[in-house]
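First comes the structure, then the notes that go with it.
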Amino acid sequence: MNTFWKAPRMVLVCIMAVVAAFLFLAACGTREVVKEVPVEVVVEKEVVKTVEVPGETVVVEKEVVKEVPVEVVVEKEVVRTVEVPGETVVVEKEVVKTVEVPGETVVVEKEVVKEVPVEVVVEKEVVKEVPVEVVVEKEVVKTVEVERPTEEKVLRVRMANMPPGFNPHTGGSGAVTITLGWTFSRLVQPGPATGTWAPDLAAGWEVNEDATEYTFYLQKHAKWHDGTPVTANDVAFTVRSLLNPQSAEWMVNTYASVKGAKAFQEGTATDVEGIQIVDDHTIKLIMERPNVTFLDELVVVAALSPAPILPEHALKDIPDDQLFEHDFWSQGLMGSGPFKFVSWVPQQAMVLEAFDDFYFGRPNIDRLILEIIPSADATQIALQRGEVDTTVRGGVSLAANKEFFQDPRFDVYGTQAGLISSYAWNQRIERLRDPRIREAFWIGVDWAKICDRFYGGLCNVKGSPLFQSFVYKPEWDTRFAYNPSRATSLMEAAGYSVSNPIDITMITRPITNPDYRAELAVQQDMLGDVGINFIVKEQDTAAGQSAWYDTYDAEIISWAAGQGSEPGVFLLSNLGLTGGENAFGIHHQYPDFYTAMEEGAAIVDRGERAKFFQDFTETWLWDILPWTSIREAARVKIQNNRFRMPILGDVPKPSRYGDMPIYPIHAGRDDNWIYHMEQWDIRQ
C-alpha cells in the first residue's frame, strides 16, 4: 500500500516542479505583443465657399483634404513586476496612447500606476501600431472668370506753351506738330532706331525706278475718330489743302514736288495733276521731276513730324477764307491717330483719350493730359510731386537735370537735337552784309566752353548746318573754332574795333530760363572783346516773327531749324524762294545761289548728292554765312520711370551726367514722341 501511493506522488511532484520552473522562467523573461488596426487619420479638411464679386475671379467652392501617413502608437503598455513568494506584485504600469504627426507628437492618453518599489524589475512592453493608407492631398477648385476692371492709365505731360489753335497750314510751333502727331495719322512715320521711314497710314509704298512716282497703299481698316473710313480721297484732299496759297511756306514745300502743285497753288489749274487715286486704299503721287527725297519733304516745320492727313468729310465744306480760323482746329480736332481729342482750355490743359479703333491697336495708355506749365522751376516741382510724369516741350535748368539724374524715380536721357541752334542774319541790312563780321561773331565766342558750362557737355559745335551723317566731314568741327585774335583782325579789316564797336541787335522771345540769360551774358562779354556790341532785345513770339518774316526789321535772331535727313530738303525749306529766303535776303547779292541749291536737290544718286553738298558747304555756305555759331545740343528729357517707351527700352543710368545715353533720330528731335504711341505704357 505504501509503495503504491509513493509512486504516483513522486510523479506529481515532478510535474509540479516542471510547471514551477516554467512559470519562473516566464516571470523572469520579456514578452512583446503588437496588434495592428487600420486607422483613417484626417489631418486637414478645408471647405471654402465664396460669393461672386463683379470684376473678380471668384472661388465658388474649394475643398481641400490633406491626410498624412503617420506612425501611430495606439497603446504602449509597460509593466514591471517582481517575483515575491506567493504572489506577483505590479510595481509600475504605464499606458501611453500617442499619435505621430509630422513635426510633433500628440499624447492621447497616459496612465501611470506605481506600487511597491523593488530592486528587481522585469519589463513587459506592448506596442500597438497602425499602418495607414493615406490620401496626401485632394483639392477641388471651381472658378468663374469675370472681367476685372483695371485702373485707368493716365499720362500727364508738361508743355511749356501751346497756341490757341492747331491749324497745320500756319501753325509753326513744335506744340502744334507734336499734338497733331498724337491725334492725326501721317503717310509715314520716322523710325529713329533704324534711320528709315516706317509704315503709318500707308501700310506700304513703292517708288518707281527714276523716283518720279510714289504709290502708297493705305491701311484698309483705318478710321477717323467719328468712325468714318479713311480713304485715298482724304490723302488727295490733304495735298490740295496744304497747297493753299495762304499756307505757311513750310507746308507749301511739303507737296511742292508733286506735278502740277505750282499751277494749282497759283490758281491756273483747278486740280493737282500729279494726284492719281487708284482705289479707295491706293493713291499715286507723280513728281514734277525725279525726287528721291519726297518722303523727307513730308516733314513739316523744324523737322518735327510728317504732315498730318486731314479728313475730307469734315473740312471740305468750309470756305477757304474761313478754313484757317475755323473752330475745328481748337475745339473739333478729329484725326485718325492713336488718341482722340476730348477738350482744350487755352493756357491750361488739353485732354486726349485712347482711340479704340486705331489701326495699329488700341493704345495701352487710356488718357493723355497735356498740362501747360511755362516755368522751368514750376515744372521741376510738378515732376518731383508726381503732378506730371514727363516733359516734352520745354525743359528745366541744367542743375535740375542733374538733380533728376541722381533721383532713382526718374529716367533722364538725351536725343540728338536734329536741330541747328545758331544765329540767322538779315543781309538786307547794309552794314551786316560783310561776311567778315559774321565770321568774327562766330569765332569770337568760345562755344565749346559754353557747351560745357551751360549744357553739361551734351553739345557739339558744327562747321555746317548740313550735318547729316553722309554729308558732314569731321574736320569741319574746327573750321570755326574759337580764335579771338583772328576775330579782332577780321573786325578791324571790316572797319570796326574794340574802341569803335559795331552794334548788333538780336531779337528773342522773352527769356524765362535763367541759364540762357547767363549764357547770353557770357557771349556779350566775349564779343565785346573783339569789337562787337551784342544787344539782346526781348519781344513776344508773334512780334519777333513779324520783324523777321514780314517787316525785315530784325538784324539777327536766335535761330533753330530742323536738320532733317536730307540736305536739299533742309536748304529749300529754310532758304527756298517760296518765302523763307525773304528773311535772309540772300537773293539780292547771290542770285546764282538758288540755282546751285536746286541743282543739288535734283541729284538722284546718294553718293553724288553727298559730294555736291560737301562742295556747296565749302563754297557757298562758308562764303555767305547765312548762319553762324552753329551748335547741336542734345535735347534732355525727364520722365517718371513708370512711363515706358518701348523704343527706348530700359534707360541706363550711368554714374556721370555727361555719359547719359543719347538716342538717335531720323527726321527730328521728337521722333520717339511720335513713333508708335500705342505701344507706350504705364508700369503699375
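A few remarks follow.
- Scanning the range 191-199 turns up no residue that is farther than 30 Å from Asp605 by Cβ and out of contact with any Leu (no Cβ under 6 Å at 6 or more places or on another chain).
- Filtering the range 266-279 to residues that are touching a helix residue (DSSP H, G or I) at 6+ places or on another chain (Cβ under 6 Å) and assigned to a loop (DSSP other than H, G, I, E, B) leaves Ala269, Val272.
- Subset of the range 247-278 [out of contact with any Ser or Thr (no Cβ under 8 Å at 6 or more places or on another chain), farther than 17 Å from Ile309 by Cβ and in contact (Cβ under 8 Å) with a residue 40 or more places away in the chain]: Ser257
- Of the residues making up the range 341-353, not one is surrounded by 16 or more Cβ atoms within 10 Å (Cβ to Cβ), within 14 Å of His225 (Cα to Cα), hydrophobic (A, V, I, L, M, F, W, C) and without any contact (Cβ under 8 Å) to a residue 60 or more places away in the chain.
- Residue check, Gly457 assigned by TED's automatic domain parsing to the domain that holds Thr617, buried (at least 21 other Cβ atoms within 10 Å of the Cβ) and part of a loop (DSSP other than H, G, I, E, B): no
- Of everything in the range 252-266 that is among the small types (Gly, Ala, Ser) and modelled with pLDDT of 90 or more, the residue that is surrounded by the most Cβ atoms within 10 Å (Cβ to Cβ) is Ala261.
- Taken together, the residues in the range 619-658 that are over 25 Å from Lys449 (Cα atoms) and free of Cβ contacts under 8 Å to residues at least 60 places away in the same chain amount to 8.
- Candidates Ala202, Ala198: the one that is of a type outside the set (D, E, K, R) and in contact with a Gly (Cβ under 6 Å, 6 or more places away or on another chain) is Ala198.
- Matching residues, the range 414-454, being without any contact (Cβ under 8 Å) to a residue 24 or more places away in the chain and in a loop (DSSP other than H, G, I, E, B): none
- First in the range 568-580 and in the same structural domain as Tyr549 (by TED's automatic domain parsing) and over 14 Å from Leu621 (Cα atoms), second anywhere and at pLDDT 55 or above and among the polar types (S, T, N, Q), Cβ under 8 Å, 6 or more apart: Val569/Thr293; Ser573/Asn253; Gly576/Asn253; Thr578/Asn253; Gly580/Ser573; Gly580/Asn574
- If the condition is being crowded, with 17+ Cβ neighbours inside 10 Å, among the hydrophobic types (A, V, I, L, M, F, W, C) and touching a Phe, Trp or Tyr at 6+ places or on another chain (Cβ under 7 Å), then the range 644-673 contributes Met645, Leu648, Val651, Met660.
- Here the strands (runs of 3 or more DSSP E) wholly within the range 133-251 that include at least 2 residues being crowded, with 22+ Cβ neighbours inside 10 Å and at pLDDT 85 or above are 154-159, 188-191, 213-218.
- Residue ranges of helices (runs of 4 or more DSSP H) in the range 578-648 with at least 2 members within 15 Å of Gln427 (Cα to Cα) and of a type in the set (A, V, I, L, M, F, W, C): 581-584
- Of all residues in the range 191-233, those that are farther than 17 Å from Leu310 by Cα, of a type in the set (S, T, N, Q) and touching a residue at least 12 places away in the same chain (Cβ under 8 Å) total 4.
The values are calculated or read from the model by the stated rules, or taken from the named source; none is laboratory data. Since the structure is predicted, the reported quantities are computational estimates derived from the model, not experimental observations. Every residue, glycine among them, receives a Cβ derived from its backbone with ideal geometry; neighbour counts consider all protein chains shown.
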